[in-house]
Amino acid sequence: GELVLYYQPQIDLASGAVIGVEALVRWPQAGSTPIPPDEFIYIAEHTGLIRPLTRLVLDLAVAQAKRWRDQGRDLRMSLNLSPHNLIEPGIVDTIAATLAAASVPPDRVMLELTESTVMANPKRTLGVLHELRELGVGIAIDDFGTGHSSLAYLTTLPATELKIDKSFVLAIGADPTADSIVRSVIDLGRNLDLGVIAEGVETVEQQAFLSRLGCDTLQGYLYSKPMPFEEALAYLKAEQACLPSQ
C-alpha cells in the first residue's frame, strides 16, 4: 500500500495542449528519501514480484484515466512494461479486462517498452505485441536509438510510436551526432507513419529544435517533473484554463 503513481505530462507540439501523461511508480518514504524506482523494480523483476507490481500500476493508472475521462479530460495514459510482463500468461486478457471494467477505450492507453524488452524473448514478445495491437492499445518503443537492432526489428514490431531517448534530447545543440540522431528518428517515424515523442526536454532551445524538425509530442522538465495526483490535477486545471476556448 505504499506505492503510488506520479504523472508526467506529454505535450502536443502543434497545439501546446497536454494530450497524455506517463504513469511512473514511486515509493515515498515518510521523512526520508524515496526509494529509487530502478532499485525496487529491479528487485521485483528478480523475485517474481513484477507481476503483482505491474497489476497494481495497471489498476491505478486505468482507474485514474477513467476519473479524468469522467471530468472531461480524454488523456492518453502511458505505462511501462517489463520483459517479464510480456511472457506472463494471460497478460493481454488482464489488460483487456481492466480496461473494460473501467470503460476506458484501449486506444487511450500507450504501453511503452524498450528494445531490450522486445529482444529478451523476441518470438514470444512479438506474438503478445500483435495481440495487444489487435486489442487497440498503442505500442511505443521507448529509449529508441540506444539499442542494437532497432532498424532490423522495427519492420516486424507493431509499434505506433517511437520515443527518442532523453540522452539524445539532452545533448541537442551540444553534440552534432545527437542532433543527427534526433533528426533521423523523426524522419524515420514520419516515413513509417509512426508518432514520435521526445522525452527529457529541458530547455526552450531543445523545444525549438524539435519543433523545427516536426516532432509530434514532447515530455520533460521544461513542462513538468512527474507529479503526484493532486499536483497533476492542479497542473491540468491550470493548463486547461490557459488554452483558447473551442
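Phi angles across the range 31-37 convert, under the Karplus curve 6.51 cos²θ - 1.76 cosθ + 1.60 with θ = phi - 60°, into 3J(HN,Hα) values of x, 8, 6, x, 6, x, x Hz, Gly and Pro given as x. Taking every alpha-carbon pair within the range 182-246, the share separated by more than 17 Å comes to 53 percent. Evaluated at q = 0.09, 0.14, 0.22 Å⁻¹, a Debye calculation over the C-alpha positions of the range 125-238 (equal weights, vacuum) places log10 I(q)/I(0) at -0.27, -0.64, -1.18.
Size descriptors for the chain: radius of gyration and Dmax over Cα atoms are 17.7, 50 Å. As an exercise, find the ratio Rg/Rh for the range 154-209 from alpha-carbon atoms, using the Kirkwood inverse-distance average for Rh. Reported Rg/Rh, Kirkwood definition of Rh: 0.99. Reported value for the range 45-93: 72 Å³ per residue, from the convex hull of its C-alpha atoms. Summing charges over all other residues whose Cβ lies under 14 Å from the Cβ of Ala65, with Lys and Arg as +1 and Asp and Glu as -1, gives +1. Seen from Leu75, the other residues with C-beta closer than 9 Å to its C-beta sum to a net charge of +3, counting Lys and Arg as +1 and Asp and Glu as -1.
Evaluating kT/(6 pi eta Rh) at 20 °C and 1.002 mPa s, with the Kirkwood radius of the range 1-70 over Cα pairs in the Stokes-Einstein relation, gives 156 µm² s⁻¹.
Each pair of Cα atoms in the range 65-109 enters the Kirkwood radius, and Stokes-Einstein at 4 °C and 1.567 mPa s then converts it into a translational diffusion coefficient of 112 µm²/s.
Here the range 74-172 was treated as a single set of alpha-carbon atoms; its pair distances binned every 10 Å from 0 give 15, 49, 28, 7, 0 percent.
Pairs of lysines in the chain whose Cα atoms sit within less than 22 Å of one another amount to 4, provided the residues are eight or more positions apart or on different chains. Between amide H atoms placed 1.01 Å from N, distances below 5 Å from Glu112 occur with Leu79, Asn80, Leu81, Ala140, all of them 5 or more places distant or on a separate chain. Taking a cut-off of 23 Å, what percent of all Cα-Cα pairs in the range 1-140 are separated by more than that? Cα-Cα pairs of the range 1-140 separated by over 23 Å account for 36 percent.
Taking amide H atoms as placed 1.01 Å from N in the peptide plane, the amide H of Gln71 has no partner under 5 Å among residues 5 or more positions away or on other chains.
FYI, it's all coordinate maths here, none of it is from the lab. In this text, all values refer to a predicted model and were calculated from it rather than measured experimentally. Cβ coordinates were reconstructed from backbone atoms using ideal geometry, including for glycine residues, and neighbour counts include every protein chain displayed.
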